[in-house]
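Visitor: Could you have a look at this structure, given as structure tokens, before my questions?
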Amino acid sequence: MSGIDRATAQWYVDTALAKLLARADELADAGGDELLTRRPDVEGANSVYALVVHCCGVMERWGGETIAGRQIHRDRAAEFTATGTIDQLEALVAAQRGRWVEDLADYDAGAAPRGPDGWEEGDPEPTTQGFIVLHVIEELYQHLGHVDLTVDLVLGR
């Protein structure tokens, strides 16, 4: 098996994005944009805002560059220091989702990626676009877990 079909992948991506934004909305509703950009008092922790921005960067990198073969500019480090409002975050996610859909317009789960793989030494070699899509889904749900924990810490639960 070389990956999942586009409709299934889109369902998982859309579900992850909806859950990420729901948690971000929860923080914004509880204390405005300040809570959304607050880092919990845990060494190395990131704000919910930064984690969601990073998820958009993941989608841009792997969907845009590796699957679609589009040249991108990504400042990964800046994703983790990003701040803004809930409205800005919702707009960013909507725009990135739109690019993801465009980037996967010619998606073929069994085909080779069109762009550079970007893997670090020791990582598995991506052999198909389906492999890359599953990697994006893996990353989105991993970071959804981080967001869940961050919301609980910021709200003092």
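The values are calculated or read from the model by the stated rules, or taken from the named source; none is laboratory data. Computed from a predicted model, the values in this text were never measured in an experiment. Every residue, glycine as well, gets a Cβ built from its backbone with ideal geometry; the counts of neighbours run over all protein chains shown.
Visitor: Determine the pairs where a residue that is surrounded by 17 or more Cβ atoms within 10 Å (Cβ to Cβ), located within segment 99-110, has a partner that is of a type outside the set (Asp, Glu) and part of a loop (DSSP other than H, G, I, E, B) with Cβ atoms under 6 Å apart, the partner being 6 or more residues away or on another chain.
Guide: Asp103/Ala68; Ala109/Ser2; Ala109/Gly3
Visitor: Which of the following residues is small (Gly, Ala, Ser), on the phi < 0 side of the Ramachandran plot and surrounded by 15 or more Cβ atoms within 10 Å (Cβ to Cβ): Ala50, Ala94, Ala18?
Guide: Only one candidate qualifies: Ala50.
Visitor: Going by what's in this entry, would Thr128 be described as crowded, with 17+ Cβ neighbours inside 10 Å and either modelled with pLDDT under 95 or at positive phi (or both)?
Guide: For Thr128, the condition - crowded, with 17+ Cβ neighbours inside 10 Å and either modelled with pLDDT under 95 or at positive phi (or both) - is met.
Visitor: I've got another one for you. Only one of Val58, Val48, Val93 is within 14 Å of Glu139 (Cβ to Cβ) and modelled with pLDDT of 95 or more. Can you tell me which?
Guide: Val58
Visitor: In the set Arg70, Arg61, which member is in a loop (DSSP other than H, G, I, E, B), among the charged types (D, E, K, R) and free of Cβ contacts under 8 Å to residues at least 60 places away in the same chain?
Guide: Selected residue: Arg70, the only one of Arg70, Arg61 that is in a loop (DSSP other than H, G, I, E, B), among the charged types (D, E, K, R) and free of Cβ contacts under 8 Å to residues at least 60 places away in the same chain.
Visitor: Answer yes or no: is there a residue in segment 135-144 that is modelled with pLDDT under 95, over 29 Å from Arg39 (Cα atoms) and either surrounded by 15 or more Cβ atoms within 10 Å (Cβ to Cβ) or among the hydrophobic types (A, V, I, L, M, F, W, C) (or both).
Guide: no
Visitor: Hey, another quick one. I'm told Glu43 meets every condition in (1) under 15 Å from Ile137 (Cα atoms); (2) out of contact with any helix residue (DSSP H, G or I) (no Cβ under 9 Å at 6 or more places or on another chain); (3) assigned to a loop (DSSP other than H, G, I, E, B) except one. Can you identify the failing condition by its number?
Guide: Going through (1) under 15 Å from Ile137 (Cα atoms); (2) out of contact with any helix residue (DSSP H, G or I) (no Cβ under 9 Å at 6 or more places or on another chain); (3) assigned to a loop (DSSP other than H, G, I, E, B) one by one, Glu43 breaks only (1).
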